[in-house]
Structures are given as C-alpha cells and as structure tokens.
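One structure is given below, encoded as structure tokens.
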Amino acid sequence: MARDRERGGREREREDSEFVDKLVHINRVAKVVKGGRRFGFAALVVVGDQKGRVGFGHGKAREVPEAIRKATEAAKRSLVRVPLREGRTLHHDVSGRHGAGKVICRAAPAGTGIIAGGPMRAVFETLGVQDVVAKSFGSSNPYNMVRATFDALKHEDSPRGVAARRGIKVSTLQARRRDIDAEAAVEA
C-alpha cells in the first residue's frame, strides 16, 4: 500500500515536470504554549512553465516540506498567462503595486539578462523572461514584492490584444512602432 502511494507520487511528479518551482521565502513562527514553543512554517513559492505562465502560492504547516508542498499546489492553481515579446522579454514597461511594495519592470534588449532582485528574479525566471530590468521601491517584504510583480504583469498587453481592442490590424500597429523607434534613433 505504501509502495503504491510512493509510485503514484513519482508519477505525479513526472506529469508536473513541465513546471519549474522556486522557493522564495520561508517564515518560522512560534506559538507559546504551556509546555514551551510550537513552531510553524509558512512558505512562499513561485511556479512557472518558462513559456509565459506563472503563479505564486503560500502554504503553512508544522513542517517545512509540507508547507512547501501546499504552497506549490496553491501556485499551480493560480497560474496566469503573460504575453512575451519574442519569448524573451516584456512588450512594454509596466509598474505594479501591492500595499507598500511598488515595482517597475522594463523591457530590455537581447543579452541584458534578468536585472532584478530577490523575489522578482524568481518570478521572471519561472515565467521564462530572459531580458528584463526591474526595480522595487518601498516594502522589501517578499510577499508584497511578489504580489506587486504579479500586479505589474497583469497590466502587460500584447500587440495582438491592443490591435483587437482598437479594431486595427497588428501590422498597422507594428509599423507605427517602427516609425517611433526610427525617430528615437535619429534624435539620439
């Protein structure tokens, strides 16, 4: 019976191997009781498929592995799709906030890499972004930073979505972008 459960666990792990998970933060909390202290753990995990889908989850338990497992399951349930340009960077600059945490994420040219700190880096790595410049302001609390990053990514729009909303063709939109880029190159 125990072997069947172990095998089932391994099979489930193979099915979910498309996802990459990163442990962002573990918090240890203590509850004082008559006999001493009881420790509990809270884990923050970011999960993504490195192809434009990412989610985060929070799990609490008495043991660290159980808290991580709960957080990973919660993250897989909260996956969101983010449009990426050329599969490597953002389409445009975005900012987001949650509580006192504020973040700015900027698209970057090829070869830049992920220039972001701590929790934001974990989100971008699991999302599959290879080139981005990000900065966080205000709160450095990992929970707020991750939620602020997700708020920013929620505002990310693809040219296809913008063109559909405006009722024009994507090629028209792209042509306008090339004209603006050419003007900026001449001014510089």
Checklist entry - How many of the residues making up the stretch 45-87 are open to solvent by 30 Å² or more (accessible area, probe 1.4 Å) and farther than 17 Å from residue 29 by Cβ? => result 17
Next on the checklist: I'd like to check something: does the stretch 113-124 contain any residue that is in contact (Cβ under 8 Å) with a residue 40 or more places away in the chain, touching a Gly at 6+ places or on another chain (Cβ under 8 Å) and of a type in the set (Gly, Ala, Ser)?
Outcome noted: no
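If you check residue 164 against the conditions, is it assigned to a helix (DSSP H, G or I) and open to solvent by 10 Å² or more (accessible area, probe 1.4 Å)?
On the way: assigned to a helix (DSSP H, G or I): yes; open to solvent by 10 Å² or more (accessible area, probe 1.4 Å): yes.
Spelling it out, residue 164 is indeed assigned to a helix (DSSP H, G or I) and open to solvent by 10 Å² or more (accessible area, probe 1.4 Å).
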Next on the checklist: For the stretch 124-131, check the following and say yes or no: at least one residue is out of contact with any Phe, Trp or Tyr (no Cβ under 7 Å at 6 or more places or on another chain), in a helix (DSSP H, G or I) and surrounded by fewer than 14 Cβ atoms within 10 Å (Cβ to Cβ).
Outcome noted: no
Checklist entry - Quick check: is even one residue across the stretch 24-38 at pLDDT 90 or above, touching a helix residue (DSSP H, G or I) at 6+ places or on another chain (Cβ under 6 Å) and open to solvent by less than 80 Å² (accessible area, probe 1.4 Å)? => result yes
Checklist outcome for this item: Note on the stretch 78-127: residues under 19 Å from residue 45 (Cβ atoms), at pLDDT 90 or above and small (Gly, Ala, Ser) are 78, 101, 116, 122
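Just name the residue that is modelled with the highest pLDDT out of those in the stretch 168-183 that are open to solvent by less than 70 Å² (accessible area, probe 1.4 Å) and not polar (S, T, N, Q). Reasoning before the result, please.
As a first pass, look at the stretch 168-183 and keep what is open to solvent by less than 70 Å² (accessible area, probe 1.4 Å): 168, 170, 172-175, 182.
The next check asks that each one be not polar (S, T, N, Q); those that pass are 168, 170, 173, 175, 182.
On the way: 168: 86, 170: 82, 173: 77, 175: 79, 182: 78.
Out of the qualifying residues, it is 168.
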Checklist entry - Which residue pairs have Cβ atoms under 6 Å apart, sit 6 or more places apart or on different chains, and have a first residue in the stretch 135-149 that is touching a residue at least 12 places away in the same chain (Cβ under 8 Å) and assigned to a helix (DSSP H, G or I) and a second that is open to solvent by 20 Å² or more (accessible area, probe 1.4 Å) and of a type in the set (Val, Ile, Thr)? => result 142/24
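The values are calculated or read from the model by the stated rules, or taken from the named source; none is laboratory data. Computed from a predicted model, the values in this text were never measured in an experiment. For neighbour counting, all protein chains shown are included, and Cβ atoms are generated from backbone atoms with ideal geometry for every residue, glycine included. For accessibility, only protein heavy atoms count, side chains too; no ligands or nucleic acids. Shrake-Rupley method; radii C 1.70, N 1.55, O 1.52, S 1.80 Å.
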